[in-house]
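Take a look at the structure below.
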Amino acid sequence: MSDNKIIKAIKDKGKTMEAEMSFFGHLEALRWHLVRASIAIVVFTCVVFYYYDWIFDTVIMGPSKPTFWTYRMLCDLGAALHRSGFCIDKINIQLINTEMAGQFTLQINSALLIGITMGFPYLLWELWRFIRPALHEKERKAASGFVIYATGLFVLGVMFGYYVITPESINFLSGYTVSSKIQNLFSIDSYISSVATLTLATGVVFELPILVYVLSSLGILTAKFMRETRRYAIVIILIVAAVVTPTPDMLTMTIVSIPLFILYEVGILVSAVVEKRKLKRSEESA
């Protein structure tokens, strides 16, 4: 009897050791995926650092210039509607640096931030390669376009934030004054932080359908729940739009709100599709 207990204990210990080795093996695999993604981000950062003069003047400082694409389109829109006040001829923004190594660290930090943004699709690809072997064949087919969809939504959000939200916010905030006795002098760190936050935050918000897909797959979220809470979602979206766009006009707030409404409705469709697939699989297995 004691021999059987010893053998059973040895077998249990072997299973435990095998599970631990498998766990550490997965950690090792994840580490290499993250290492490759980090190398890609470093490469993109080096490219940005090399072409930084053009990137800084054209991309980073673009929303602070009246010749920016968004301002020109607004001017054309005003001309088409025969309404004045759409054209922006001057942006009152003066940038300063207040630290000895400020401009050097500025270049490194902004180049790294742009490098991370450019390397984000590859990071998603590496994470997908890590998760894919653990999925069943049907799950792989259902999530086969994950990287493409997530990347597309992120890029779309970044573009929307950069070309719509950022220039409108900069134009308003740079000219806003409480008193004529106070002169607006912005630090370059504050300017870049605002551009990066508005742009990248919008890119993350546009990942809403992907989040809905994951939560619906886990059974946490349903299309019925999203439909029933639509009225509350509308209020939250309007609040988010008001916070993200500090401009007082309703036009800018409406422009920001519409894509968020569309994303919410797309999320409902995504959740409904996930539920139909789960129901179909349960019927097939029954």
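Listed values, structure above:
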{"quantity": "Hits in segment 78-93 (condition: surrounded by fewer than 10 Cβ atoms within 10 Å (Cβ to Cβ) and farther than 20 Å from T166 by Cα)", "calculated": "A80, L81, H82, R83, S84"}
{"quantity": "Residue check for S179: within 30 Å of L95 (Cβ to Cβ), out of contact with any strand residue (DSSP E or B) (no Cβ under 7 Å at 6 or more places or on another chain) and not assigned by TED's automatic domain parsing to the domain that holds L260", "calculated": "yes"}
{"quantity": "Qualifying residue in segment 32-46 (condition: within 22 Å of Y191 (Cα to Cα), surrounded by 11 or more Cβ atoms within 10 Å (Cβ to Cβ) and at pLDDT 85 or above)", "calculated": "yes"}
{"quantity": "Residue check, V178 in contact (Cβ under 8 Å) with a residue 40 or more places away in the chain and surrounded by fewer than 16 Cβ atoms within 10 Å (Cβ to Cβ)", "calculated": "no"}
{"quantity": "Subset of segment 94-111 that is in a helix (DSSP H, G or I), surrounded by fewer than 17 Cβ atoms within 10 Å (Cβ to Cβ) and not aromatic (F, W, Y) - its residue that is modelled with the lowest pLDDT", "calculated": "G102"}
{"quantity": "Qualifying position, being in a helix (DSSP H, G or I), within 30 Å of Y71 (Cα to Cα), free of Cβ contacts under 8 Å to residues at least 12 places away in the same chain and not basic (K, R), among G203, G157, G152", "calculated": "G152"}
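The values are calculated or read from the model by the stated rules, or taken from the named source; none is laboratory data. The shown structure was predicted, so the numbers you read here are calculated from the model rather than taken from an experiment. A quick note on method: Cβ atoms are made from the backbone with ideal geometry, for glycine too, and the neighbour counts reach across all protein chains shown.
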